[in-house]
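Shown below is the structure under consideration.
Since every read-out is calculated from the coordinates, none of them should be taken as a lab result. Nothing here was measured: the structure is a model prediction, and the numbers come from that model. Neighbour counts run over all protein chains shown; Cβ positions are idealised from the backbone, glycine included.
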Amino acid sequence: MVKLPIYMDYHATTPIDPRVLDAMMPSLTNEFGNAASRNHSFGWKAEQAVEAGRGKIAELICAEDPKEIIFTSGATESNNLALKGVAEMYREKGDHIITMVIEHKAVLDTCKTLERQGFRVTYLPVNRDGLIDLKELQGAITDKTILISIMTANNEIGVIQEIGEIGKIAKQKGVIFHTDASQAAGKIDIDVRNLGVDLLSLSGHKMYGPKGVGALYVRKKNPRVRLASQMDGGGHERGMRSGTLNVPGIVGLGKACEIARSEMKEESKRLFSLRERLREGLSKELDEIYVNGSLAKRLPNNLNISFAYVEGESLLMGINEEIAVSSGSACTSATLEPSYVLKALGVGEDLAHTSIRFGLGRFNTEEEVDYVTKRIAETVKRLRSLSPLYEMAKEGVDIKNVQWKKE
Amino acid sequence: MAYSDKVKDHYDNPRNVGSLPKEDPAVGTGMVGAPECGDVMKLQIKVNDQGVIEDAKFKTFGCGSAIASSSLATEWVKGKTLEEALKIKNIDIVQELNLPPIKIHCSVLAEDAIRAAIADYYKKKGNVGSVGEGSGSGKNA
């Protein structure tokens, strides 16, 4: 018998791995020192713990020097610091930033703020697969472009951009390249040196670490990236981010990175096979379901599916006492607007309303996947029997040609 | 989002799901909403010679509150005369189902569906215009 409720929303957040918690316990209890206390053993211990964590994060993303890792409160802050920090620092060089329409709000809303401050931002579109066109990227770069910010993997559809190619283009044109890797870090190989990434954001709680801690990789060489700090204070983190370091959080993030690095290969294989089991199971049970975004260039643990003729929220209502998944974007599902990510892919609004995001993770099992498949299929079938759209489709009416009376 | 027990009850056990023959002159069909808005309600009534709604059916694409609103609407119109059915207001549905503000549009849609079904019935009878605004969307059916 599977244990309920089943958590399958690992893009939203992940539980802390018990090994991470164990690693954190000393700094949550006896080893409570401030890493900036230079003159006693409590401070030294804390500093050691922080530097060990820094090293593990650097290793996960193949940074040359642990000093290139700046600790923050999470990926939202990392993204803010990267974009605003570069914009402010390089304003004299240029006023143009390039990003894409399916970035996380932490990047998009930061860009909106920068636009209000006089910067110009190009929002690259994506194709049906959810990928930007590299030629379009190249064409968008001007001599005023100071920053390209393109996420590694998307939080709704899990689609992975061609980061290495983007890095090359950025290098050729001498533009700084930032990537939000919150969803990708610890799931797929990331090598900032090979990929030509200059700034990279990651988050603890998306990779089995604690909430409230994240990091920003800031390249020190070729080129040396400088950032204007966005938080004034004691000049911590090479002056880029003041504030007493979150030692337990950093230790946890470090441990999470260490585990991810040593287990990623196995884990992504396992998650991929679970994801495919889910996808194939649902496809066998249900007609007219559509995967949103490229299936090939996708995180192994992500599945985003539209169940035609069944509204996503009503589907969740049928299962959400037993199964935790998201409809639309977790961030926007309170607004009743269909996901801007799916809209950008060209998914019709009718189908966008029927999408569910499954995020598989470390603690999911085959039994859980089978249970979820069964319950989703049952609920979709029941709701289709209530759906006037399904009835019309079965009668051969093309719903797109109907003159709907919009409210 | 937390749903009220009444919404959950209608969602779990929707009343009067199904379709009536739309060509039947005694049947009025109302279809309101649009797929891209995330809500489509089809509500049908069958009216007897005394002008009483003797049967009602619905099908709804939409959230739990939309399903519950239309399910409740079919329950309420049954046994009512057309004039009585026209007196059902969205606010009555909001109160009965304890709908939160963000879901009020579901009740509005249910009221529109009732009006559209009655308008369609009158239209078939050759008696257009008795329902006032909010009518006339039966053309989708």
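Using the number of other C-beta atoms within 10 angstrom as an exposure proxy, rank A:ARG54, A:ARG279 with the fewest first. Intermediate results must be reported in sequence, preceding the final value.
On the way: A:ARG54 25, A:ARG279 18.
Neighbour counts put them in this order, fewest first: A:ARG279, A:ARG54.
Got the relative contact order for the stretch B:5-126 handy, in percent, Cα pairs under 8 Å and 6 or more residues apart?
On the way: 237 pairs, mean separation 37.9, N = 122.
With pairs under 8 Å counted, the relative contact order is 31 percent.
What is the mean number of Cβ atoms from other protein chains located within 10 Å of the Cβ atom of each residue in peptide A:380-386, rounded to a whole number? Could you put the intermediate results ahead of the total?
Details: counts 0, 0, 3, 6, 2, 4, 12.
Mean inter-chain Cβ contacts per residue within 10 Å come to 4.
Apply the Karplus parameterisation 6.51 cos²θ - 1.76 cosθ + 1.60, with θ equal to phi minus 60°, to every residue of the stretch A:24-41 and state each ³J(HN,Hα) to the nearest whole Hz, in sequence, with x for glycine and proline.
Per-residue couplings from phi come out as 7, 3, x, 6, 8, 10, 5, 9, 9, x, 8, 4, 8, 7, 8, 10, 8, 5 Hz.
Based on other C-beta atoms within 10 Å, arrange B:VAL94, B:VAL32, A:VAL175, A:VAL101 from fewest to most. Mind dumping the intermediate values first?
On the way: B:VAL94 20, B:VAL32 28, A:VAL175 24, A:VAL101 15.
Lowest to highest Cβ neighbour count: A:VAL101, B:VAL94, A:VAL175, B:VAL32.
Could you work out how far helix A:105-116 tilts from the main Cα principal axis of chain A, as a 0 to 90 degree angle to the nearest 10?
For helix A:105-116, the angle is close to 70 degrees.
Going by Cα centres, the stretch A:193-252 and the stretch A:257-283 are how many Å apart?
28 Å
To continue, here is another question. Taking amide H positions as placed 1.01 Å from N in the peptide plane, with prolines and chain starts having none, which residues 5 or more places from A:ALA308, or on another chain, fall under 5 Å of its amide H?
Residues meeting the amide H criterion: A:TYR290.
While we're here: How do A:CYS257, B:CYS37 rank when sorted from fewest to most other Cβ atoms within 10 Å of their own Cβ?
Working: A:CYS257 29, B:CYS37 18.
Fewest-to-most ranking of A:CYS257, B:CYS37: B:CYS37, A:CYS257.
Rounded to whole Å and sorted largest first, what semi-axes of the equivalent ellipsoid does the C-alpha gyration tensor of the stretch A:18-259 yield via the square root of 5 times each eigenvalue? Kindly include the intermediate steps, with their values, before the conclusion.
On the way: eigenvalues 195, 74, 43 Å².
For the stretch A:18-259, the ellipsoid semi-axes come out as 31, 19, 15 Å.
For every helix of n ≥ 4 consecutive DSSP H residues, a contribution of -39,500 (n - 2.57) applies; sum these over chain A, divide by its total residues, and give [θ] at 222 nm rounded to the nearest 500 deg cm²/dmol.
Details: 13 runs with 165 residues, N = 407.
Helix-only estimate at 222 nm: -13000 deg cm²/dmol.
If you don't mind, there's one more thing I want to ask. Which one of A:SER273, B:CYS37, A:ASN246 has its Cα pushed farthest toward the positive end of the charge dipole of the protein assembly as shown, where Lys and Arg give +1 and Asp and Glu give -1 at the Cβ?
Working it through, the farthest residue towards the positive pole turns out to be A:ASN246.
Tell me, what ³J(HN,Hα) does each residue in the stretch A:294-304 have, in order and in whole Hz, if you take phi through Karplus 6.51 cos²θ - 1.76 cosθ + 1.60 with θ = phi - 60° and put x for Gly and Pro?
Per-residue couplings from phi come out as 4, 7, 6, 9, 8, 4, x, 9, 9, 9, 10 Hz.
Another question about this same structure. With a ≥ b ≥ c taken as the square roots of the eigenvalues of the C-alpha gyration tensor of chain A, please select rounded if a/c is under 1.5 and otherwise prolate if a/b is larger than b/c or oblate if it is not? Could the numbers behind the result be given before it?
Numbers: a/c = 2.26, a/b = 1.41, b/c = 1.61.
The shape class here is oblate.
On to the next question. Positive end of the charge dipole of chain B (Lys, Arg +1 and Asp, Glu -1 on Cβ, about the Cα centre): tell me which of B:GLN50, B:LEU99, B:PRO14 has its Cα farthest that way.
The residue sitting most towards the positive pole is B:GLN50.
Given Cβ point charges of +1 (Lys, Arg) and -1 (Asp, Glu) and nothing else, what value in debye, to the nearest 20, does the dipole of the stretch A:18-259 about its Cα centre take?
Working: 31 positive and 29 negative charges, 81 e Å.
Result for the stretch A:18-259 is approximately 400 debye, rounded to the nearest 20.
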